[in-house]
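Working notes, structure below.
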Amino acid sequence: MLTRDRVISPPQKRATAAIILAAFLVLSCTSLAQAQTISAPYSPVLPCDFVESLEFNGTNANASVTEQVELGPRTTGSTGSAALRSVIHAQLPQWDVTNNTYTEDNITFTNVVATLSPEGSDESTPRVVLVAHYDSRDVAERDPDVNRTMDPIPGANDAASGVAVLLELGRIIPFMNLGYEVELLFTDAEDQNYSSGSLYGAKAWVNAQSDEEVNRTTAYVVVDMVGDEFLQLTHVYPGDVALWTTIAPLAAAIGLMDTKEDCNGDLGRDIVNLSISTGVIDDHVPAINRGIHAIDLIDIRYGEGAQPFEGYWHTHEDTPDKVRAESLRDVGLLVELGLRSEAWIYDFRALENSEEDSTQPDDNVQGVNEAEMDVERHTGLAITALIGVLGAMVLMVVLSLSVKLKREQ
Ligand SMILES: [Zn+2]
């Protein structure tokens with residue numbers, strides 16, 4: 001075959017051609033790497049600029065906890081559940097509020113979704129989703145009274161506290177003039193003792209999201225069990241690494257970290273301690289599984305000196321007297337500050353390949369930058385490996401062709 005004979009060079013030139021080809025591949029891959037380098041539009045959060053304007057009222061939230069518990073158990077499908085949906089609708093007059101009812105595994109449950117969008121928003125407007133389950137548990141499996149373990153719990157902290165925080169935020173958010181969309185998601189059937197599983201509401205919400213909606217959801221923040229008189233919030237996994245880096249500067253700004261100075265220069269209280277990490281399955285998990293940037297603000301140690309998943313948790317002692325307005329206020333202010341400072345509309349997708357949290361979670365700017373560097377490092381490693389494989393393939397092809405040609409000659 002003369003044509004190929006002409007194309008293929010003599011042995012020495014063939015080696016040169018292979019090197020040139022490999023070099024070309026390296027160059028084109030390098031420019032590809034540069035094109036993929038992430039220049040995330042991150043601006044450091046300056047929470048102290050917003051602390052003076054915070055309005056969250058813990059007394060209002062505390063009153064809501066009592067009001068919810070007085071409705072009776074809010075187990076899925078109960079009259080208490082329906083009554084609470086009416087309360088949610090009534091207390092969010094400026095919001096677009098809808099009930100979304102689903103039936104799965106013969107369980108019918110209803111999420112309440114409240115949306116507030118800025119004027120002129122479209123399908124690319126960033127969205128922050130704040131989440132609380134509004135169902136209360138149908139059993140009290142941890143109650144010391146064995147005769148009452150099959151009765152529903154009052155659910156003051158679990159999870160009237162989370163609903164109360166969202167409702168108080170819902171009162172003040174319409175006056176914040178935020179430039180992005182906020183959704184309040186009240187999930188149902190998070191905490192029922194079904195043999196078929198839990199988290200029904202969050203899973204249904206996640207399944208109903210289009211890819212577009214997923215992409216514009218820059219943060220999904222769950223608040224659950226946030227009313228304990230002895231509140232202590234820890235880092236919770238699974239959780240979005242980048243989103244977690246925003247929490248420490250916000251918490252420090254309002255004096256919730258005992259190792260950090262607040263915006264007035266005073267040392268904070270020991271409310272948020274991110275050096276402790278707790279594994280929790282909650283409504284954030286289905287969102288994370290869908291690739292949404294989600295975290296869970298939860299205190300799973302309920303009561304003075306309680307260990308994780310102990311104390312009053314899932315007992316009949318989960319009553320409004322164990323919940324304190326100041327704890328609700330601390331969490332409410334933290335979330336309000338996150339909203340006002342735009343800490344959560346950062347394009348966290350830029351960081352989604354960063355794997356382990358090698359960052360200092362109490363230094364937001366450094367943390368995010370390190371995570372960003374991490375992405376570049378991993379992208380670089382992947383491309384180097386790709387170049388190696390491609391180079392080897394090219395060399396093998398060139399060599400096999402030259403061997404074949406040599407035989408034909
Ligand atoms: Zn629970």
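The values are calculated or read from the model by the stated rules, or taken from the named source; none is laboratory data. No experiment lies behind these values; they were computed from the predicted model shown. With ideal geometry, Cβ positions are generated from the backbone for all residues, glycine too; neighbour counts draw on all protein chains shown. Calculation scope for accessible area: heavy atoms of the full protein, side chains included, ligands and nucleic acids excluded. Shrake-Rupley method; radii C 1.70, N 1.55, O 1.52, S 1.80 Å.
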Study note, to complete from the structure: Residues of the range 290-313 with backbone N under 18 Å of the label point set 7 Å from the Cα of ASP145 along Cα→Cβ are 311-313
Review point. In the P(r) worked out for the range 47-368, what percent of Cα pairs fall beyond 30 Å?
Key: 27 percent
Revision key, fill the gap. In whole angstrom, the spacing between the Cα centers of the range 81-153 and the range 186-219 equals 11 Å
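Report the extension gain between LEU46 and ARG269 in nm, rounded to one decimal, defined as 0.36 nm multiplied by the number of residues separating them, less their alpha carbon distance.
On the way: separation 223, 0.36 × 223 = 80.28 nm, distance 2.03 nm.
The span from LEU46 to ARG269 would gain 78.2 nm if fully extended.
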Exercise for review: Could you work out how far apart the two model spin labels at SER277 and GLU104 are, taking each label as a point 7 Å from the Cα in the direction of the beta carbon, and quote it in nm?
Suggested key: 2.8 nm
Check your understanding: Can you tell me the Rg and Dmax of the range 241-299, counting just the alpha carbons, in angstroms?
Key -> 13.3, 40
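Using the per-residue mean of other Cβ atoms lying within 10 Å as a proxy for protection, in what order, highest first, do the peptides 106-113, 73-80 fall? Before the final figure, lay out each step's value.
Numbers: 106-113: 18.1, 73-80: 19.8.
Going by the mean number of other Cβ atoms within 10 Å, highest first, we get 73-80, 106-113.
Give me the number: length gained by fully extending MET176 to ASN289, i.e. 0.36 nm times residue separation minus the C-alpha to C-alpha distance, one decimal in nm.
Details: separation 113, 0.36 × 113 = 40.68 nm, distance 3.11 nm.
Between MET176 and ASN289, full extension yields 37.6 nm more.
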Review point. Taking a label point 7 Å from the Cα of ASP258 along the Cα→Cβ vector, which residues of the range 221-235 have an amide N closer than 17 Å to it?
Key: 229-235
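Pop out the carbon and sulfur fraction of the accessible area of the range 182-260 as a percent, whole number, probe 1.4 Å.
On the way: 950 of 2140 Å².
Carbon and sulfur atoms account for 44 percent of the accessible area of the range 182-260.
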Exercise for review: Note the per residue figure in Å³ for the convex hull of the C-alpha positions in the range 193-331.
Suggested key: 123 Å³
